Amino acid sequence: MTNLLPLNLLQHLSCPKCLREERETDLLLEEKAVVCSYCSALYPLKEGVIIFEELKQDKKSERLEKVYSAFWEKGNDLFLEQDYNEQNQLLKEWKGYFDNETILDAACGNGRFAKEWVDAKAQGIIFFDISDSIFLCQKQFQQKYPDTPALFLKASLLEIPLKSKSIGFTWCSGTVGLLHDQEVPTKELARITKKNLILGVLTDQTMAGKIYIGLNIIKPIINRINNLNILFKLCGIMAYLMVLSFRVLYFLRLNLSFLPRKSLEKILQDKNNIRRIQCSLFDPMIIPKVIKKSDSFYTEHAKSMNQLMVETKRDYLCDYYLFEEKNIN
């Protein structure tokens, strides 16, 4: 298993325990683990993934670890690379920022953007996620792209086990806004990035974003439900009723302002429409309360780490901020 770990990417890692003391150290590769060269902390290697057990987490992070392990287990086959057309288009527009770079896909889920990074001829790719989806990401990536150097970490956005300014390009989409403490992950992502960072946070300016944020009303009840299978089945019933309603709307040729007829046709032609909608409903229902911060919140905290915002874009769910490393002092 150790032969799957590229040494050129291992050099970017740093011990989280030492980072807490503002000390960057190397991690050395052993048979079934990596070990800190300074404090001898050991981080096990399991199924090609380095496990950073000493995760610094708040309660929302613990919830995210659990629910997204369940989400990707149930919906992996429905949310593969080709299904993220709008985000993929955004990445194509910004491709010049990550061509031939060392890339970090932070909070990567099942690695659905892997093809974008491989097509950009990345020098190497580091994937990390707090949930067990990282094991799925590792398995699928190694099957599809065995010749591309990649490293897989089970780690937290609140404590990224990487050296400062070690990553050429960092991508993080839709996760920071789900955390109670958003200052730390914003600074952490900026800290480890030496060139460009794209940070995507849930927007309150689109219909999908408003639905995600609007569901905060029922989160105190939903977040008490630990049996996620019950929620998933409930979403399945809702999805069935929605598809049935869509068929009636289509038959009666009724138009909705937020659902154009072409989009309705696409939904009805999808053979997996009920399951896809079921997972799409499951996502906003299982996550903790969404806290939308102002644009200046993210830009100011990134700026404190010498990352300045140079451009913004928006898709159906997120606002994206493109940051660039600048010598501010």
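The values are calculated or read from the model by the stated rules, or taken from the named source; none is laboratory data. Here the structure is a predicted model, which means the values were calculated and not measured. Note: ideal-geometry Cβ built from the backbone for every residue, glycine included; neighbour counts use all protein chains shown.
Do you know which of the residues in region 113-127 that are closer than 15 Å to Lys144 by Cα and β-branched (Val, Ile, Thr) is surrounded by the most Cβ atoms within 10 Å (Cβ to Cβ)?
This residue is Ile125.
Just one of the numbered conditions (1) in a helix (DSSP H, G or I); (2) at pLDDT 85 or above is not true of Ser280; which one?
Here Ser280 clears every test but (2).
Taking into account only those residues within region 211-256 that are over 19 Å from Cys279 (Cβ atoms) and of a type in the set (Phe, Trp, Tyr), which is surrounded by the most Cβ atoms within 10 Å (Cβ to Cβ)?
Here the residue is Tyr250.
From Lys187, Lys195, which residue is out of contact with any helix residue (DSSP H, G or I) (no Cβ under 6 Å at 6 or more places or on another chain) and either at pLDDT below 90 or among the charged types (D, E, K, R) (or both)? Give the steps one after another, and end with the answer.
Numbers: Lys187 fails: out of contact with any helix residue (DSSP H, G or I) (no Cβ under 6 Å at 6 or more places or on another chain).
Just one listed residue meets the conditions, Lys195.
Please go through region 165-185 and pick out each residue that is farther than 30 Å from Lys219 by Cβ, buried (at least 17 other Cβ atoms within 10 Å of the Cβ) and not β-branched (Val, Ile, Thr). Full working, then the answer.
Quick first cut of region 165-185, residues farther than 30 Å from Lys219 by Cβ only: 165-169.
Now narrow it down to the ones that are buried (at least 17 other Cβ atoms within 10 Å of the Cβ): 166-169.
Within region 165-185, Ser166, Gly168, Phe169 qualify.
Here's the yes/no breakdown for (1) under 26 Å from Asp295 (Cα atoms); (2) of a type outside the set (Val, Ile, Thr); (3) not assigned by TED's automatic domain parsing to the domain that holds Asn306:
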site: Ala122; (1), (2), (3): no, yes, no
site: Ile130; (1), (2), (3): yes, no, no
site: Gln143; (1), (2), (3): no, yes, no
site: Lys165; (1), (2), (3): yes, yes, no
site: Thr175; (1), (2), (3): yes, no, no
site: Gln182; (1), (2), (3): yes, yes, no
site: Lys194; (1), (2), (3): yes, yes, no
site: Gly214; (1), (2), (3): yes, yes, yes
